Amino acid sequence: MIKNDLFLRALNGETVNRPPVWMMRQAGRYLPEFMALRDKYDFFTRCQTPELAAEITVQPIRRFAPDAAILFSDILVVPQAMGIEVLMKESVGPFLPNPIRTQADVDRVFVPDATESLGYVLEGIKQTKVLLQDEIPLIGFAGSPWTIFCYAVEGRGSKSFDQAKGFCFTNPAAAHELLQKITDTTIDYLKAKVAAGVNAVQIFDSWGGMLSPTDYQEFSWQYINQIVEALAPLTKVIVFGKGCWFALQEMGRSKASALGVDWTCSPRNARYLSGGNITLQGNFDPSRLLSPIPTIKAMVKQMIDEFGKDKYIVNLGHGILPNIPIEHAGAFIEAVKEYGN
Ligand code: CP3
């Protein structure tokens, strides 16, 4: 039913002529057409207006024709739906005026009916599907419970997320209660996204790498795995844990269809740690897109050679940066399409 199903075939572990490619944060500030809409509408208006979310989702598709689209939205719409106020401040990023710091704060957080409170995302999916005309698959996503917890407790981005970690280590019962509420909401939300038409889901654990391997199991992975268990019967699940190479073995034994890796882990090591059989996604250093185009192309070819063309989805190791020239992003995609020619 999807005309270009290369991405879904890679998730199935099928043999392909070349690996599929998409870029994390492919709808973003490096695109002039994105900046034009950004001048007109604030961040959460863009997320909450289905027409705008759909239009922004297809902007990078029109320009580069990657093998998958990812819905324009944000991981922080989930805590918003749970009664936690989230603002997006210019040159600060996410800002939560009333961070969660006590058991009483946790008690006030509720598990919403996701279909109702995040209905605008579901409508955005339906409108995006119309624009995509089944040319390529659409990816839905959510933050990992731990990564959402980090923002909910810290109240903003952080280099170390020490307040979030401190909350876990001083009040583990309240921390686990909040993590479970986020998990329950996320499962409900991702199931609704699948029902609305997404073809796969990705869980972003952007701050999992802040935890030690032991703490990762307790505060992040056990919750991600609940989501994987709940969603795997319905769709393909990709888990991307930034800095989480140490958990690849555990992840590789789960029901996830693919694992995302960042650029600090070599392809060989990622294959070894994940058990050698699961599809991997990544892991071009986003800053490497600043290199001259011939260098980008040579490095992409080498990366595919090292991961192997099968059971592999080409991507960046994290989101694309705002200062990447668009021709360089284009060269990245092109290099994958030229692979094997
Ligand atoms: O990949 C895509 O193209 C889909 C869109 C997408 C956005 N956020 C749009 C966005 C996705 C998948 C996300 C996920 C997200 N949001 C993550 C996980 C992935 C990652 O990068 O680690 C996180 C941690 C967030 C929280 C968040 N949202 C931060 C920290 C920021 C500010 C930093 C920044 O890059 O500006 C945002 C804002 C945001 N989300 C922007 C975009 C395009 C930029 C702000 C803007 O457009 O005004």
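Values quoted throughout were computed directly from the atomic coordinates according to the rules given, and no laboratory measurement underlies them. If you're wondering where the values come from, they're calculated on a predicted model, not measured in any experiment. Backbone-built Cβ (ideal geometry, glycine too); neighbour counts: all protein chains shown.
Some observations on this one:
- Among Thr170, Thr279, Thr185, the residue with the largest mean-square fluctuation in a Gaussian network model of the chain, with springs joining Cα atoms closer than 10 Å, is Thr170.
- For the range 6-337, the C-alpha radius of gyration sits at 0.94 times the compact-globule guess of 2.2 N^0.38 Å, with N the residue count.
- Selection of trypsin sites (Lys or Arg not before Pro), the range 194-256, meeting DSSP coil and at most 16 other Cβ within 10 Å: Arg253, Lys255
- Arg38 sits among other residues whose Cβ lies under 13 Å from its own Cβ, and their net charge, with Lys and Arg +1 and Asp and Glu -1, is -2.
- The phi-based Karplus calculation (6.51 cos²θ - 1.76 cosθ + 1.60; θ = phi - 60°) puts the 3J(HN,Hα) values of the range 118-134 at 10, x, 5, 5, 5, 5, x, 4, 4, 5, 5, 4, 5, 5, 6, 6, 6 Hz, whole numbers, x for Gly and Pro.
- Normalised by the number of residues in the range 69-167, the mean separation of alpha-carbon contacts (under 8 Å, six or more apart) gives a relative contact order of 40 percent.
- Neighbour counts of C-beta atoms inside 10 Å place Ser220, Ser266, Ser91 in the sequence Ser91, Ser266, Ser220, starting with the fewest.
- Restriction of the chymotrypsin sites (Phe, Trp or Tyr not before Pro) in the range 234-314 to DSSP coil positions whose beta-carbon has at most 12 other beta-carbons within 10 angstrom yields no sites.
- Sites listed here are trypsin sites (Lys or Arg not before Pro) in the range 165-198 whose DSSP assignment is loop and whose Cβ has at most 16 other Cβ atoms within 10 Å, and the list is empty.
- Contact order normalised by residue count of the range 280-341, Cα under 8 Å, 6+ apart, percent: 52
- The range 219-284 and the range 37-51 have Cα centres separated by 32 Å.
- The distance linking the range 54-110 with the range 301-327 is 24 Å (Cα centroid to Cα centroid, whole angstrom).
- Taking Ala174, Ala142, Ala36 as the candidate residues, the one with maximal mean-square fluctuation in a Gaussian network model of the chain, Cα springs under 10 Å, is Ala36.
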